[in-house]
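**Student:** Below: one structure in structure tokens.
The values are calculated or read from the model by the stated rules, or taken from the named source; none is laboratory data. Predicted model only: the values in this text are computed from it and were never measured. So basically every Cβ, Gly included, is an ideal-geometry build from the backbone, and we count neighbours across all protein chains shown. All accessible areas refer to the heavy atoms of the entire protein, side chains included, with ligands and DNA or RNA removed. Shrake-Rupley method; radii C 1.70, N 1.55, O 1.52, S 1.80 Å.
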Amino acid sequence: MSLFEVTERARQYQSQLLEFMDSHVYPAEAVYDEQMRAAGDPHFHPPVLEELKAEARRRGLWNLFHPHPDWGPGLTNLEYAPLAEIMGRSHLASEACNCSAPDTGNMEVLTLFGTDEHKERYLKPLLDGTIRSAFAMTEPQVASSDATNVEMSMVRDGDDYVLNGRKWFASNGMHRNCKVLIVMGKTDPGAPVHRQQSMMVVPIDAPGITVIRNLPVFGYQDREGHAEIVFNDVRVPASDVLKGEGEGFAISQARLGPGRIHHCMRSIGMAERALELMCRRAQSRVTFGKPLSENANIQDWIAEARIDIEMIRLLTLKAAHLMDTVGNKEARTEIAAIKVAAPNIALKIVDRAIQVHGGGGVTDDFPLAMAWAHLRTLRLADGPDEVHKRAIAKQELRKYRNEASA
């Protein structure tokens, strides 16, 4: 068996998921757009999504991401990777299969560190797809790519903590079904730098929480939203601290590793769809007496896209394999590398697909403009490119540290 050979179980899920995409998800995209337009509300929850969720659950295509067999099929990262790629081809598929961010990361955090009450009140409804959640770490006043900068105050007061501060880009925060936040803040400014932060489970409707606005992304008002949220003397029971005081930074690292690679897997799926659209458009559009596909530069773009997709897919599979076999910490260089490579390469392919589509490519008649906006944003989400490159460089330089001191 080759290193990245697909298991029979994973192959069956791939086949079932591909059929679901063809028969239900792609046809639902136009219905989704029409329902959103008719509602006139950027955060409307269209009925077609609930129909897709019911169908996905009926087919057993539910919680595919979750590694615990009690909550999902118990797939490995390597088995899940091709499934996330397939779902990445449509903006509806991940939510339809209950595999969308940030819920996937939040569910894993609640599975690992939540109390029995957290699991009953929040984890089970999240696993059932009846509620959604948001992750509140990023702040407008500090460079949040360095998580130790987080300033939200979490002050102990008897059996509670009192939270004060402002968060933004809390993705999912505008979703009609968002009921709970996982919030990162500072509980002990005098502790060692990586022990100052804690994470807490906070209902989104807790007294003192105000959702100020949605933040558009390149002009798009995403349905799930990216909320700016103010916390004003929000009281949180000490029992809602995850893992314990001072564990926030450690939880964030555990949470973001799988989340980053999931984003990369979905990016590859979007790149594949962009390549497909580019090829179909190039074959069907005639300029100056011949199809676009006969132009050498278009053929170069198509060839380069195929080469690039295969490269980032292999790096993603390697990262997934290492996560399964030696753990997320040992796979950190590969996770960081693919987090840089996948969005950048997918972005280039989408950009060229837009170019081949001409004016149509920048409209909402095709999924390319929205895909470009999301992929460009992904170069910042879960850590900007520069932070991941810095981490990779430090790992490389560490190999030669002894030589330099000799």
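**Student:** Would you pick out the residues in segment 184-225 that are part of a loop (DSSP other than H, G, I, E, B) and crowded, with 17+ Cβ neighbours inside 10 Å? Outline the logic, then answer.
**Tutor:** If we filter segment 184-225 for residues that are part of a loop (DSSP other than H, G, I, E, B), which is where we start, we get 187-192, 196, 204-208, 215-216, 218-219, 221-225.
187, 196, 204, 215, 222, 223, 224, 225, listed by residue number.
**Student:** Could you please give the count of residues in segment 319-348 that are outside any helix (DSSP H, G or I) and under 18 Å from the mean Cα position of the chain (by Cα)?
**Tutor:** 1
**Student:** Oh, and also: All but one of (1) farther than 15 Å from residue 227 by Cα; (2) touching a Lys or Arg at 6+ places or on another chain (Cβ under 9 Å); (3) at pLDDT 95 or above hold for residue 150; which doesn't?
**Tutor:** The failed condition is (3).
**Student:** Also, quick follow-up: Please find, among 98, 77, 106, the residue that is over 14 Å from residue 21 (Cα atoms), touching a strand residue (DSSP E or B) at 6+ places or on another chain (Cβ under 6 Å) and polar (S, T, N, Q).
**Tutor:** None of the other options fit; the residue is 106.
**Student:** Follow-up. Which of the helices (runs of 4 or more DSSP H) contained wholly in segment 93-156 include at least 3 residues that are open to solvent by 10 Å² or more (accessible area, probe 1.4 Å) and closer than 22 Å to residue 54 by Cα?
**Tutor:** Result: 124-128.
**Student:** Considering only residues of segment 349-362 that are of a type outside the set (Gly, Ala, Ser) and open to solvent by 50 Å² or more (accessible area, probe 1.4 Å), which is nearest to the chain's Cα centre (by Cα)?
**Tutor:** The qualifying residue nearest to the chain's Cα centre (by Cα) is 351.
**Student:** Moving to a separate point now. Just the residues that are hydroxyl-bearing (Ser, Thr, Tyr) and surrounded by 12 or more Cβ atoms within 10 Å (Cβ to Cβ), please, taken from segment 364-403. Before you say what the answer is, go through the steps one by one.
**Tutor:** Restricting attention to segment 364-403, the residues satisfying the condition of being hydroxyl-bearing (Ser, Thr, Tyr) are 377, 400.
The answer is 377, and nothing else.
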